[in-house]
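**Student:** Just dropping this structure here.
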Amino acid sequence: MNDILYTSTRNNQEKITSAQAIVKGIAPDGGLYVPEQIPSIDKPFSELVKMDYRQLSFYIMSKFLTDFTSEELDFCISRAYDEKFDNALIAPLVKVDNMFFLELYHGATAAFKDMALSVLPYLLTTAAIKTAIDKDIVILTATSGDTGKAALESFSNVQGTKIIVFYPNKGVSLIQERQMITQQGNNTFVCAIEGNFDDAQTGVKNIFNDKDFNELAEKKNYLFSSANSINIGRLIPQIVYYVHAYLRLLQTGEIVEGEEINVVVPTGNFGNILTSYYASQMGLPVSRFICASNENNVLYDFINTGVYNKNRQLKLTASPSMDILISSNLERLIYDLCEKDCLKLVELFDSLAKTGTFSIEEAMKDKLVAFWGGYATEAQTFKAIKQVYQENKYLIDTHTAVGYFVYKEYLESTSDRTKTVIASTASPFKFPGSVLRAISNDFSAYENLDEFEILSKLSEATGLQIPKPLKGIGDKHILHDNICSIPDMKQFVAKVLGL
């Protein structure tokens with residue numbers, strides 16, 4: 001097996017191991033780490049189909065993490081995908097009508113972020129040992145809702161780590177917020193910021209790029225890293241579930257080996273759809289990557305015009321995890337589109353930083369042919385939830401509803417009947433108010449109830465059980481009540497670490 005090394009999207013001359021890339025999180029030049037080459041799936045799917053999720057994870061991840069021993073990787077995976085997941089398949093694929101929903105929310109926090117964040121702490125602590133890091137690792141994370149809780153849950157009380165999560169005040173759902181601010185663990189810290197997710201994400205990146213502050217932290221025996229999808233250790237585990245979905249289609253006779261599928265991914269930061277693209281580069285037969293946006297449709301515009309423009313007002317929607325205008329992981333795709341020309345990439349992202357926009361040339365745009373972009377309004381999102389439930393008695397959350405609506409729009413536009421997997425990114429019970437409003441003929445009876453009371457009402461209305469991670473969440477004691485301005489984020493980190 002060839003060793004896979006990693007380079008920054010902004011300087012591909014320096015090459016480091018996967019362990020080094022995972023520990024660093026983000027490159028010193030502000031770029032994102034990418035593998036020098038994408039390894040290939042070198043076994044027939046008819047053989048892979050015999051693997052369970054853990055075995056498949058080992059097979060896929062070992063191809064990217066070539067500096068990890070088999071024993072190290074097996075340890076990480078076995079600790080990650082255990083009884084925390086309430087479904088033995090880890091990521092079941094559910095057929096609804098002629099669609100296939102890939103349920104990615106059966107983990108400890110009822111959202112797809114669990115799929116990667118369950119394994120990241122083990123990868124990170126193993127990588128620290130491998131790279132002879134003798135400092136405590138401080139995880140800095142910005143969240144639009146789900147990453148925060150999943151990261152907090154995964155890193156809680158992990159020896160040698162601290163985790164600090166920033167989230168936009170009033171920019172996440174009440175359930176998402178309560179999950180974070182009730183998080184236990186003597187190494188967990190949570191702070192709301194007076195701004196939106198893009199502000200939080202930019203603030204975290206600025207801390208990573210503050211050389212003096214990083215040197216100060218190192219003197220106190222701390223090293224900053226990330227649990228956001230800017231960390232390549234977050235992305236690689238997500239490749240697995242797209243391969244897993246294909247194998248389940250093959251296993252059930254829905255497709256034959258080698259037959260192409262489409263994937264639909266509701267996304268804001270572009271990480272989840274990027275991993276399906278990486279899966280296809282490994283050899284997964286994917287015809288179309290259908291990128292679904294909410295009303296913050298900056299990715300829709302980019303895919304359709306080649307122009308990325310964040311100069312617009314961020315809208316707070318019923319799908320808050322997608323309320324993003326700066327899609328960090330798009331940088332990794334741009335790196336491929338410009339054929340790994342770092343100077344060209346830096347020019348584009350300098351333009352984004354200075355003017356809020358960039359435009360790719362026609363040759364790069366031509367390479368986007370496999371991507372199809374669509375978006376759903378708030379009204380269309382609610383209508384999609386109701387339609388799926390009324391027609392199929394299948395309940396989806398607001399983000400998955402965006403994906404469903406965009407897929408229906410794609411069908412009308414193309415008449416493409418390729419078998420399609422829709423990434424279902426969160427339990428509908430994470431957004432009970434929006435979901436119950438969508439399926440109810442009369443919501444007025446619930447209007448005076450808070451979101452925690454509505455959880456029970458949604459369960460009663462549908463006959464579905466509240467997921468274990470969300471039961472009794474309204475009664476949990478609030479442990480984190482911090483709030484700061486955007487310029488004070490670094491000061492909050494300094495206070496936590498005693499700098």
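We did not get these values from a lab; they are worked out from the coordinates using the rules stated. Everything quoted here is computed from the prediction, not taken from an experiment. In this analysis, Cβ positions are derived from the backbone assuming ideal geometry, glycine residues included, and neighbour counts consider all displayed protein chains.
**Student:** Can you tell me how much longer the chain between Gln13 and Ile41 gets when fully stretched, taken as 0.36 nm per residue apart minus their C-alpha distance, in nm with one decimal?
**Tutor:** Additional length available on full extension: 7.4 nm.
**Student:** Which whole-number percentage describes the relative contact order of region 1-117, with Cα contacts under 8 Å and a sequence gap of 6 or more?
**Tutor:** 18 percent
**Student:** Can you grab the distance from the C-alpha centre of region 249-300 to the C-alpha centre of region 24-97, Å, no decimals?
**Tutor:** 17 Å
**Student:** Could you order the peptides 232-244, 305-317, 253-265 from most to least packed, using the average number of other C-beta atoms within 10 Å per residue?
**Tutor:** 232-244, 253-265, 305-317
**Student:** For Glu447 paired with Glu347, estimate the spin-label separation in nm (one decimal), with each label point 7 Å from Cα along the Cα-to-Cβ line.
**Tutor:** My value for the distance between the label points is 5.6 nm.
**Student:** Fully extended, how many nm does the chain gain between Leu411 and Glu259 (0.36 nm per residue separation, minus their Cα-Cα distance)?
**Tutor:** 52.9 nm
**Student:** Given a cut-off of 25 Å, name the pairs among Lys63/Lys340; Lys84/Lys220; Lys130/Lys220; Lys430/Lys476; Lys219/Lys340 whose C-alpha atoms lie farther apart than that in the structure shown.
**Tutor:** Lys84/Lys220; Lys219/Lys340
**Student:** In addition: With +1 on the Cβ of every Lys and Arg and -1 on the Cβ of every Asp and Glu, and nothing else charged, how large is the dipole of the chain about its Cα centre, in debye rounded to the nearest 20?
**Tutor:** 400 debye
**Student:** To continue, here is another question. Using 7 Å Cα-to-Cβ label points, what is the Lys476/Lys219 separation (nm, one decimal)?
**Tutor:** Once both label points are built, they end up 3.8 nm from each other.
**Student:** Mind ordering 399-406, 373-380, 195-202 by average Cβ neighbours within 10 Å, highest first?
**Tutor:** Top of the packing list down: 399-406, 195-202, 373-380.
**Student:** Provide the gained length on full extension for the span Asp52 to Asn392, in nm with one decimal, where the gain is 0.36 nm per separating residue minus the Cα-Cα distance.
**Tutor:** 119.6 nm
**Student:** Among the aspartates and glutamates, which fall within straight-line cross-link reach of Lys367, defined as a Cα-Cα distance under 13 Å, with same-chain neighbours fewer than 8 residues apart omitted?
**Tutor:** Asp336, Glu339
**Student:** What does the highest-first list of 34-47, 77-90, 117-130 look like by mean Cβ count within 10 Å?
**Tutor:** 117-130, 77-90, 34-47
**Student:** Follow-up. Looking at (i) 60, 51, 47; (ii) 85, 50, 45; (iii) 63, 57, 41, which value of Cα extents along the principal axes in Å comes from a calculation on the structure shown?
**Tutor:** Here Cα extents along the principal axes in Å agrees with entry (i).
**Student:** Related question: Measuring from a point 7 Å past the Cα of Arg79 along Cα-to-C-beta, which residues in region 89-125 have an amide N at less than 17 Å?
**Tutor:** The answer is 108, 115-125, whose backbone nitrogens lie closer than 17 Å to the label point.
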